[in-house]
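The values are calculated or read from the model by the stated rules, or taken from the named source; none is laboratory data. Only a predicted model underlies this, so the values are computations on that prediction, with no experimental measurement involved. Here the Cβ is made from the backbone with ideal geometry for all residues, glycine too, and neighbour counts use every protein chain on show. These area figures cover heavy atoms from the full protein model, side chains too; ligands, DNA and RNA do not enter into them. Shrake-Rupley method; radii C 1.70, N 1.55, O 1.52, S 1.80 Å.
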Amino acid sequence: MSETTHDGGVTVTASLGQQSPDDRLSRADLAAKYGLSQSGARPGLFEYVRQLWNRRHFIVAFSQAKLTAQYSQAKLGQVWQVATPLLNAAVYFFIFGLLLGGRGGMGNDMYVPFLVTGVFVFTFTQSSVMAGVRSISGNLGLVRALHFPRASLPISFSLQQLQQLMFSMIVLVAILIAFGHYPDLSWLLIVPALALQFVFNVGLSMIMARLGSKTPDLAQLMPFVLRTWMYASGVMFPLAPMLAKAHAPAWMADVLQANPAAVYMDLMRYALIDGITQHNPMPPHVWALAVGWAVVIGIIGFVYFWKAEEKYGRG
């Protein structure tokens with residue numbers, strides 16, 4: 001069938017009912033034929049790791065920017081990075097150290113460093129989890145506007161909390177020295193302890209990021225979960241003496257002392273505080289537990305987050 005155009009030319013059109021060769025192809029075949037690929041498709045696991053490595057400068061810069069902006073509206077600014085956990089420690093000292101007798105036989109020279117170390121170390125994990133829950137749902141504009149591996153966000157927020165902990169460590173060292181605990185070779189153990197805790201925090205943050213991306217209300221529930229975890233981990237009191245005082249069964253003591261928050265706090269306390277094992281005996285295989293928690297949660301969290309890569313930011 002043909003028709004004449006307005007300038008006298010003849011245009012040949014397909015007869016009614018005639019099909020194009022492409023009509024017989026499936027969507028996958030059409031994409032392969034014309035070299036098309038799915039927008040935002042999830043890359044392979046090793047390719048995803050490579051992409052993350054290529055974005056390492058963005059991850060570091062983003063974490064530093066978030067850290068700077070966190071207290072930009074407060075008059076004391078970055079001082080709150082240290083003041084907040086210190087104020088929490090002061091409250092816990094008054095309630096558990098003075099009112100409830102939760103010292104486990106420790107004097108102030110032992111209990112104050114014990115308490116402050118526990119608060120700082122647990123806050124590191126607590127803040128990483130809370131930041132992870134909101135890392136996708138709270139940054140949808142960035143997620144929808146730019147193409148980058150979404151795992152950059154929970155990793156960056158965990159890195160932000162590690163940087164914040166570094167500021168707190170300066171104050172912690174001053175408190176330790178003020179109460180007679182001076183630097184020695186055991187202090188070098190804080191490097192692998194914090195490295196393992198950071199890997200654990202990143203894995204847990206990724207798990208919470210995926211859950212929080214679909215359930216924003218999780219951010220409202222997590223403070224209650226984390227508060228329960230804090231009390232069960234011995235932040236404010238030594239677990240072993242308090243459980244013995246309460247006549248708790250042996251299996252309960254083993255479970256609570258093996259939970260990751262307690263494990264990482266114990267490692268830091270044993271590294272920094274002289275004579276702490278007299279009041280808070282080191283659980284068996286504590287380093288094995290620390291490595292195990294970091295490897296298991298780190299790998300599971302990463303793979304679990306990667307599995308939903310192409311779904312983040314979509315309605």
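Can you tell me which residue is nearest to residue 227 (Cα to Cα) among those in the range 258-274 that are in contact with a His (Cβ under 9 Å, 6 or more places away or on another chain) and open to solvent by less than 50 Å² (accessible area, probe 1.4 Å)? Explain how you work it out, then say what you get.
Going through the range 258-274, the residues in contact with a His (Cβ under 9 Å, 6 or more places away or on another chain) turn out to be 258, 272-274.
Still in the list and also open to solvent by less than 50 Å² (accessible area, probe 1.4 Å): 258, 272-273.
Values: 258: 18, 272: 25, 273: 25 Å.
Going through the qualifying residues, I end up with 258.
Would you kindly identify the helices (runs of 4 or more DSSP H) lying entirely within the range 211-294 that contain at least 1 residues that are modelled with pLDDT of 90 or more? Steps first, answer last, please.
Details: elements: 218-232, 239-245, 250-258, 260-272.
Of the helices (runs of 4 or more DSSP H) lying wholly inside the range 211-294, those with at least 1 residues that are modelled with pLDDT of 90 or more span 218-232, 260-272.
Is the range 145-166 home to any residue that is surrounded by fewer than 17 Cβ atoms within 10 Å (Cβ to Cβ) and at positive phi?
No, the range 145-166 has no match at all.
Somewhere in the range 230-249, is a residue free of Cβ contacts under 8 Å to residues at least 12 places away in the same chain and charged (D, E, K, R)? Full working, then the answer.
Within the range 230-249, the subset free of Cβ contacts under 8 Å to residues at least 12 places away in the same chain is 231, 244-249.
In the following step, the residues that additionally are charged (D, E, K, R) were identified as 245.
Yes, there is a match, as at least one residue in the range 230-249 is free of Cβ contacts under 8 Å to residues at least 12 places away in the same chain and charged (D, E, K, R).
I need the full set of residues from the range 146-204 which are over 18 Å from residue 55 (Cα atoms), among the hydroxyl-bearing types (Ser, Thr, Tyr) and modelled with pLDDT of 85 or more, in order please.
182, 186
For the range 233-256, indicate whether the set of residues that are open to solvent by 20 Å² or more (accessible area, probe 1.4 Å) and under 24 Å from residue 130 (Cβ atoms) is non-empty.
Yes - at least one qualifying residue is present in the range 233-256.
Filter the range 102-123 for residues that are open to solvent by 40 Å² or more (accessible area, probe 1.4 Å) and modelled with pLDDT under 75; which is nearest to residue 233 (Cα to Cα)?
Looking only at the range 102-123, we keep the residues that are open to solvent by 40 Å² or more (accessible area, probe 1.4 Å), and these are 103, 105, 108-109.
With modelled with pLDDT under 75 added as a condition, the list becomes 103, 105.
Values: 103: 15, 105: 18 Å.
So the residue we want is 103.
In the list 205, 186, which residue meets the criterion of being in a helix (DSSP H, G or I) and under 22 Å from the mean Cα position of the chain (by Cα)?
Numbers: 186 fails: under 22 Å from the mean Cα position of the chain (by Cα).
Result of the check over 205, 186: 205.
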